[in-house]
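What follows is a set of notes on a single structure, which appears directly below.
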Amino acid sequence: MRPFLTRPAEAHPQVLIIALCQVGIAQQAVAAALSAPDADDDVAAAANTWRGRCEHILGELAGYPVIRPGGGWSLLIDTAALGLTPEQASTRLFERGRIAATPMTGWGPSAHRYLRLVFSNEPIERLADLRARFDTALS
């Protein structure tokens, strides 16, 4: 059975925010991880790994309208600058380049032009041919 929700239309933005929040068990897991004796080293190692992946992607996609993130494990591409909607770019990348990327449509007033690449779990070796796959998918 699929869950459903009946609500007034004006409540839709607030419902989306609630739907995107982490569940309680995940919050408890994060709290436990951050209170572990080696938490500082683990967080620093994760941040360094993500920074390395991000820099690799930025290098691979030089010339594409990529938004440099201030941190984290994902980045955005301005698909409007490519003459595409995020949905069109996502479909092309997946079908032609075997790249899964999320349209940000519905994530805020300016999100209708952005596509999100998540690199939290992608080793640099798997990102090595990203430029070629982008070029193939978006040309």
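Summary table
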quantity: Residue order, fewest to most beta carbons within 10 Å, for ILE25, ILE77, ILE57, ILE124; calculated: ILE25, ILE124, ILE57, ILE77
quantity: Kirkwood hydrodynamic radius (C-alpha pairs) into Stokes-Einstein, the stretch 39-138, 20 °C and 1.002 mPa s, D in µm²/s; calculated: 154
quantity: The stretch 102-115 - phi-based ³J(HN,Hα) in whole Hz, Karplus 6.51/-1.76/1.60, Gly and Pro as x; calculated: 9, x, 8, 3, x, 9, x, x, 10, 6, 5, 10, 10, 10
quantity: Fewest-first ranking of LEU130, LEU82, using other Cβ atoms within 10 Å as the exposure measure; calculated: LEU82, LEU130
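Read the figures in this text as sums done on the coordinates, not as results from a lab. Because the structure is a prediction, the values reported are computed rather than measured. Because the Cβ atoms are built from the backbone with ideal geometry, glycine has one as well, and the counts that use them run over all protein chains shown.
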